[in-house]
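Inspection log for the structure reproduced underneath, given as structure tokens.
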Amino acid sequence: MKNFMVIACVAALPYSAFAHHGANSQFDTSVEISYTGYVTDLGFVNPHSYVSFEMTDENGDYILDEQGNRFEMHCEMLSGTALRRAGWTEEMFKPGTPIKVGGNPSRREEDVCVLETMVLNDGPEMSRFEQIAETRPEADLNREPRTPWGAPNIEGDWADEARTARPAQDEGGPAPELPLTPTGRAAANDILAKIESGELDENRLNCQPRDFFNDWTFNWMPNRIVQQQDKIFITYGFMDRERTIHLDMDTHPENLAPSLSGHSIGWWEDDVLVVDTIGFTPGYRYRVGTISNINSTEMHVIERFIVDNEQGTLTREYLATDPLYWDDSFHRAGQQILTVSNLPWEPYNCNDLTVE
């Protein structure tokens, strides 16, 4: 058992209410810490980056573990892709860089924390969600408005605006109760019981997609659209969910085998791409002791994609129903407006360094 917690400075820091993966379950958000040290390593990866540093005390001396080795702390940050879109670079974290970290400790591992604020090289304090404007890449808005065959051009890399300075994806509290059918409630309770007993891991912890709708914008990941005359291929930036929209089919195949992203057929109504999707495998989303979303194999989704090449935006509107799991009073509907991404799509390459 290492004894650094007695030596490290635990300060009263301004608490940040920003929420993130595992905040309540993995980290003790009721305890605020302040650590100092020198950077040793950086894992600039998805779903979360980690900065590692050898800790120092208030006198600037290295803190040692029971074996006499320098104690190394590992602190979670946002995903590597989200940070790069906000202008963060690996060069900021060169080994030997002085660092001061404020945040919350892990509930299970005393050498792990979540970073909420940071100071590098005695510079200004930065939030976990800081946008570094002077190095933030700019999007290329020079786009052809139409394809060679005359359809609106939706091809390219699209992403939610990188608003890392704003807690746009609050997962800090329990989700509202879903209006489910008895069958849907039984399925949700069964999944929740298996997660809380350890029989089932949350899908995101297994580097799996979790939500057909919110994964499209989650963590500001760039998504890629490849457009052909008879098919459109979509790859989400978050967890690499892949979809094929069949423009050469009027109906879905019979005896459709369920799949993660379902089966999509599409058509153009004037300059709007309409997409009809069925054939999903059952899915769920877990949040803070709650199943916040769940769907059965009977979920049916209608989407509308509208491109504005002058503004560099792609709007996705959706309406979803699920007669097996969702009460008649409930449906999922929303609108998501993406912009031409300031970084190209790249494979998610999920490398979960989280200590569980």
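The values are calculated or read from the model by the stated rules, or taken from the named source; none is laboratory data. Here the structure is a predicted model, which is why all the values come from computation and not from measurement. A quick note on method: Cβ atoms are made from the backbone with ideal geometry, for glycine too, and the neighbour counts reach across all protein chains shown. These accessible areas exclude ligands, DNA and RNA; they are computed on the full protein's heavy atoms, side chains included. Shrake-Rupley method; radii C 1.70, N 1.55, O 1.52, S 1.80 Å.
For the pair Ala257/Ser34, report the inter-label distance in nm, with labels modelled 7 Å from Cα in the Cβ direction.
It is 5.9 nm.
Leaving out ligands, DNA and RNA but keeping every protein chain, what accessible area does Lys231 have, in Å² rounded to the nearest 10, with a 1.4 Å probe?
In the full protein context, Lys231 sits at about 50 Å².
To test your reading of the geometry: what angle, between 0 and 90 degrees and rounded to tens, separates the Cα axis of helix 182-197 from the longest principal axis of the chain?
Helix 182-197 and the main axis of the chain meet at about 30 degrees.
Label points 7 Å out from Cα along the Cβ direction at Gln336 and Ile278: separation in nm?
Spacing of the two 7 Å Cα→Cβ label points: 2.3 nm.
Give me the one-decimal nm value for the distance between modelled label points at Ser329 and Asn69, 7 Å along each residue's Cα-to-Cβ direction.
5.8
Subtract the Cα-Cα distance of Trp149 and Ile302 from 0.36 nm times their separation in residues, and report this length gain in nm to one decimal.
Details: separation 153, 0.36 × 153 = 55.08 nm, distance 2.47 nm.
Fully extending the segment from Trp149 to Ile302 adds 52.6 nm.
Ignoring ligands, DNA and RNA, what accessible area per residue does the chain give at 1.4 Å, in Å²? Please list the in-between numbers first.
Numbers: 16560 Å² over 356 residues.
Per-residue accessible area for the chain comes out at 47 Å².
Only Cα pairs within less than 10 Å get springs; with that Gaussian network setup on the chain, which residue of Asp57, Asp276, Asp250 has the largest fluctuation?
With Cα springs under 10 Å in the chain, the top fluctuation among Asp57, Asp276, Asp250 is at Asp250.
Under the Karplus relation 6.51 cos²θ - 1.76 cosθ + 1.60, θ = phi - 60°, what is the ordered set of whole-Hz ³J(HN,Hα) values for segment 256-272, x standing for Gly and Pro?
5, 6, x, 8, 4, 9, x, 10, 10, 10, x, 7, 9, 10, 6, 10, 10
Of Asp215, Asp230, Asp65, Asp248, which has the most accessible area and how do the rest follow, probe 1.4 Å? All intermediate terms of the calculation are to be shown ahead of the outcome.
Values: Asp215 0, Asp230 60, Asp65 25, Asp248 85 Å².
Descending accessible area places them as Asp248, Asp230, Asp65, Asp215.
Work out how much length Glu196 to Val119 would gain on full extension: take 0.36 nm times their residue separation and subtract the Cα-Cα distance, in nm to one decimal.
Full extension of this stretch gives 24.1 nm more.
Taking only DSSP H segments of four or more residues, each worth -39500 (n - 2.57), what value at 222 nm results for the chain once the sum is divided by all its residues, to the nearest 500 deg cm²/dmol?
Details: 4 runs with 30 residues, N = 356.
Theoretical 222 nm ellipticity from helices: -2000 deg cm²/dmol.
Rounded to a whole number, what % of the accessible area of the chain do carbon and sulfur atoms account for, probe 1.4 Å? Please list the in-between numbers first.
On the way: 7990 of 16560 Å².
About 48 percent, which is the carbon plus sulfur part of the accessible surface.
What's the FRET efficiency of Cys207 with Trp267 using the Cβ-Cβ distance as r and R₀ = 22 Å, to the nearest 0.05? Can you show the working numbers first?
On the way: r = 34 Å, r/R0 = 1.54.
After rounding to 0.05, the efficiency reads 0.05.
Short version: ³J(HN,Hα) in whole Hz for each residue of segment 284-298, in order, from phi by Karplus 6.51 cos²θ - 1.76 cosθ + 1.60 (θ = phi - 60°), x for Gly and Pro, what are they?
7, 9, 9, 8, 6, x, 9, 8, 7, 8, 8, 9, 9, 6, 9
For Ser127 and Thr321, FRET efficiency with R0 = 35 Å and r from the beta-carbon atoms, rounded to 0.05?
Working: r = 40 Å, r/R0 = 1.13.
Step by step, r from the Cβ atoms, then E = 0.35.
For segment 252-292, what relative contact order do you get, as a whole percent, if you take Cα pairs closer than 8 Å and at least 6 residues apart? Mind showing how you got there, number by number?
Details: 45 pairs, mean separation 14.1, N = 41.
Worked out over segment 252-292, it gives 34 percent.
Which sequence of Glu199, Glu298 reflects their accessible areas, 1.4 Å probe, from the largest down?
Heavy-atom accessible area, descending, gives Glu199, Glu298.
To the nearest 10 square angstrom, what accessible area does Tyr236 show with a 1.4 Å probe?
0
What whole-number volume per residue, in cubic angstrom, does the convex hull of the C-alpha atoms of the chain give? List each step's numbers first, then the result.
Values: hull volume 52.5 nm³, N = 356.
So the per-residue hull volume is 147 Å³.
Over the chain, what is the relative contact order in percent, taking alpha-carbon pairs closer than 8 angstrom and at least six residues apart?
On the way: 789 pairs, mean separation 59.0, N = 356.
Over the chain, the number comes to 17 percent.
Please list, in order along segment 75-81, the HN-Hα scalar couplings obtained from phi with the Karplus expression 6.51 cos²θ - 1.76 cosθ + 1.60 (θ = phi - 60°), rounded to whole Hz, x for Gly and Pro.
Ordered by residue, 3J(HN,Hα) equals 10, 6, 10, 5, 5, x, 5 Hz.
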